[in-house]
Structures are given as C-alpha cells and as structure tokens.
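Okay, so here's the structure we're looking at.
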Amino acid sequence: IQLENALHEALRNKEFVLHYQPQICFKTGQLVGVEALIRWMHEGELIYPDNFIAAAEESGLIVPIGEWACSEAARQIDFWRKKYGWSPSISVNVTANGFTGRLVSHLKAVLEDYRLPENSLALELTESMLATDFDGTLSCMHALQAMGVSISLDDFGTGYSAMAQLRRYPLSALKIDKSFIGNLSDRRDAAIAETVLMIAKSLNMKTVAEGVETREQYEWLKEKGCDVWQGYLASAPKPPDQVVWMYPNEF
Ligand code: G
Ligand code: G
Ligand code: NA
Ligand code: MN
C-alpha cells in the first residue's frame, strides 16, 4: 500500500522518465528504433522497473503509467522530428493488465495529437500475455495494426506459444530473450535462438536479439540472419539527450 501511494504521487509529480536503448539493423548498421524503458526518479535516486512494475500491475496503476509512457514516447518522437527532421521509432513495453482497449484509444488520440506518421510507435508485449483473454488481446492487436502501431513479442522463448497460436496474431517481430543470447556457447541455448529465428522467418516476422554484449554474439546472430539487435555492446538504455544515433558498420 505504501508503494502504491508512492506510485500515485510519482505520477502526479511527474517523477517517471523514459530511457532509450538503440535497436540497430544488422544489414545497414543503422539505428532503426529505440526501446523505451521506464525509470522512477525518486528523491534523487533512479529506481528501476523491477522494483515497481509488479506493484503497479497489482494496484491497477499500470494503466495510467502505460498511458503516460505512450504519451511521453510520442512527445519524444515529435521533439526529435522537429529537431532533426527524423526520429527512430519508439517501442513501449506493455504488461498484462496494461494492455486494454483503453490503451488503444489513448494511443490513437496521442498519435493524432502529434500527427505522427505510421510506424512511429510500437509496443512490446510478452509471450505470456497471449495465453490469456484471447479475443480481447486479438482485437486490441488488430486495432493497433490498423493504426500503424506495430507489435513485437518480448522475451520470446521463455514462455509457451504454439506455432499454431502464434500465427493468429498480427506480430511484426519476435524478440529473442537475452537469457539465450547470454548463453550462446551452450548448444542448447544456441539451438533455441536458432529455432526462434526459424519460426519468425516462417511466419514472416522480423527478429530482434536483445542483450547483445559481445562481438561473438553479434557475429553469431548476424551470420544466422537475425534482423535487428540491441544490447550493451552498442549502448545501455540512456536518457533521450544521450542516445547515440550513429554506429560503426561492424562491431
Ligand atoms: O531496463 P530494465 O531494468 O529497465 O527493465 C526491466 C523490466 O521492466 C523489463 O522486463 C521491461 O520490459 C520492464 N519495463 C520497462 N519499462 C516498462 C514500462 O514502461 N512499462 C512496463 N509495463 N514494463 C516496463
Ligand atoms: O524484459 P525486457 O526485455 O523488456 O527488458 C530488457 C532488460 O534488459 C532491461 O532491464 C534492460 O535494461 C536490460 N538490458 C538491455 N541490454 C542489455 C544487455 O546487453 N545485457 C543485459 N544483461 N541486460 C540488458
Ligand atoms: Na521489452
Ligand atoms: Mn525482453
């Protein structure tokens, strides 16, 4: 309850910030998007989402927090577009209780407010979210697709999705969970990563590898035909004014 009250206050006092981690195309070496990761600036200290997202989910505060994150991401894109004439797309993380028709309506209003072009904003949902409320989830996804908001499936490989179920959803990309990327020297984890690449290809989805920390991981993924990567090898998540836009062609 104490944390819940503090989160209420945090929203009211605008204590949340988004940090952004670059997502880079293997083929071109160019920045194609950034993932937004929320942080709570509380009494001079930066608090990470693992310490408050669960409480926000339980209390229902994840709904206004999710709306805030989408608004903030749209504002950032508008800012970058005005300043540089271009902006990478921003993908916002959404957890189970935050993925509702209300969020879809909010996104629609925000996109119209800033007159953002299609594919400016994207969402990252987790695999486990597909297991519950099939109809509601699916209709939200179709509405988003119609609005030009693409959806990727986060932490893929850690949950349970049957191929047959996966193909029903309008997903643009599968994100290979960082636990596999961090363990590619184990043949079993490498096999899972390769399987994700194959599933995505056969279902016409892009692949994003997360948690890329070493050149070896980068080379392996590039060789296997992965589309996009993110990780400390390029950059940790950073405040918007510290996001680096240009990367070397090879790491
Ligand atoms: O950088 P990192 O510690 O930020 O993120 C930890 C976890 O918090 C990740 O699983 C991420 O998906 C989740 N997360 C980060 N930002 C948000 C957000 O804005 N909303 C939700 N629901 N989850 C987030
Ligand atoms: O669950 P989700 O995939 O949304 O969250 C990604 C998490 O991984 C965030 O906490 C983010 O800060 C973290 N992260 C980003 N890049 C790396 C990396 O290269 N290595 C590790 N270990 N974590 C990373
Ligand atoms: Na994510
Ligand atoms: Mn993830």
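The values are calculated or read from the model by the stated rules, or taken from the named source; none is laboratory data. The structure presented is a predicted model; accordingly, all values stated were derived computationally and were not measured. Cβ placement follows ideal geometry from the backbone for every residue including glycine, while neighbour counts extend to all protein chains displayed.
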Tally the residues that are closer than 14 Å to L107 by Cα and out of contact with any Phe, Trp or Tyr (no Cβ under 9 Å at 6 or more places or on another chain), restricting the search to region 125-141. 0
Can you tell me which residue within region 82-102, out of those that are surrounded by 18 or more Cβ atoms within 10 Å (Cβ to Cβ) and not β-branched (V, I, T), is farthest from E57 (Cα to Cα)? S87
Among the residues of region 55-69, are any touching a strand residue (DSSP E or B) at 6+ places or on another chain (Cβ under 9 Å), farther than 23 Å from D113 by Cβ and crowded, with 16+ Cβ neighbours inside 10 Å? no
Tally of residues being crowded, with 19+ Cβ neighbours inside 10 Å, out of contact with any Asp or Glu (no Cβ under 7 Å at 6 or more places or on another chain) and aliphatic (A, V, I, L, M) across region 145-165: 2
Consider only pairs whose beta carbons are under 8 Å apart and that are at least six residues apart or on different chains; among these, list those whose first residue lies in region 223-237 and is among the aromatic types (F, W, Y) and whose second residue is assigned to a helix (DSSP H, G or I). W229/Y218; W229/L221
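Answer yes if at least one residue in region 115-123 is in contact with a strand residue (DSSP E or B) (Cβ under 8 Å, 6 or more places away or on another chain) and farther than 29 Å from G29 by Cβ, and no otherwise. Give the derivation first.
Residues of region 115-123 that are in contact with a strand residue (DSSP E or B) (Cβ under 8 Å, 6 or more places away or on another chain), as a first pass: 119-123.
Narrowing the set further to residues that are farther than 29 Å from G29 by Cβ leaves none.
No - not one qualifying residue is present in region 115-123.
Here is a check on your reading of the model: is E213 within 15 Å of ligand 2 (Cβ to nearest atom), surrounded by 12 or more Cβ atoms within 10 Å (Cβ to Cβ) and in contact (Cβ under 8 Å) with a residue 24 or more places away in the chain? Walk me through how you get there before you give the answer.
On the way: within 15 Å of ligand 2 (Cβ to nearest atom): yes; surrounded by 12 or more Cβ atoms within 10 Å (Cβ to Cβ): yes; in contact (Cβ under 8 Å) with a residue 24 or more places away in the chain: yes.
Spelling it out, E213 is indeed within 15 Å of ligand 2 (Cβ to nearest atom), surrounded by 12 or more Cβ atoms within 10 Å (Cβ to Cβ) and in contact (Cβ under 8 Å) with a residue 24 or more places away in the chain.
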So which residues in region 168-184 are within 12 Å of ligand 4 (Cβ to nearest atom), outside any strand (DSSP E or B) and buried (at least 22 other Cβ atoms within 10 Å of the Cβ)? D177, F180, I181
Could you list, in sequence order, all residues of region 202-230 that are under 17 Å from D154 (Cα atoms), touching a Ser or Thr at 6+ places or on another chain (Cβ under 9 Å) and part of a loop (DSSP other than H, G, I, E, B)? M205, G211, C226, D227
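When you scan region 62-101, how many residues do you find that are in a helix (DSSP H, G or I) and touching an Asp or Glu at 6+ places or on another chain (Cβ under 8 Å)? Outline the logic, then answer.
First pass over region 62-101, keeping only residues in a helix (DSSP H, G or I): 62-84, 96-98, 101.
Right, trim to touching an Asp or Glu at 6+ places or on another chain (Cβ under 8 Å) and you get 74, 96-98.
Within region 62-101, residues that are in a helix (DSSP H, G or I) and touching an Asp or Glu at 6+ places or on another chain (Cβ under 8 Å) number 4.
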Between a residue in region 37-54 that is outside any strand (DSSP E or B) and any residue that is among the aliphatic types (A, V, I, L, M), which pairs come within a Cβ distance under 6 Å, given they are 6 or more apart or on different chains? P49/I38
Hits in region 103-144 - residues which are surrounded by fewer than 20 Cβ atoms within 10 Å (Cβ to Cβ), assigned to a helix (DSSP H, G or I) and at pLDDT below 95: E127, S128, M129, A131, F134, D135, G136, T137, L138, S139
Among (1) touching a Phe, Trp or Tyr at 6+ places or on another chain (Cβ under 6 Å); (2) in a helix (DSSP H, G or I); (3) touching a residue at least 60 places away in the same chain (Cβ under 8 Å), G29 falls short only on (2)
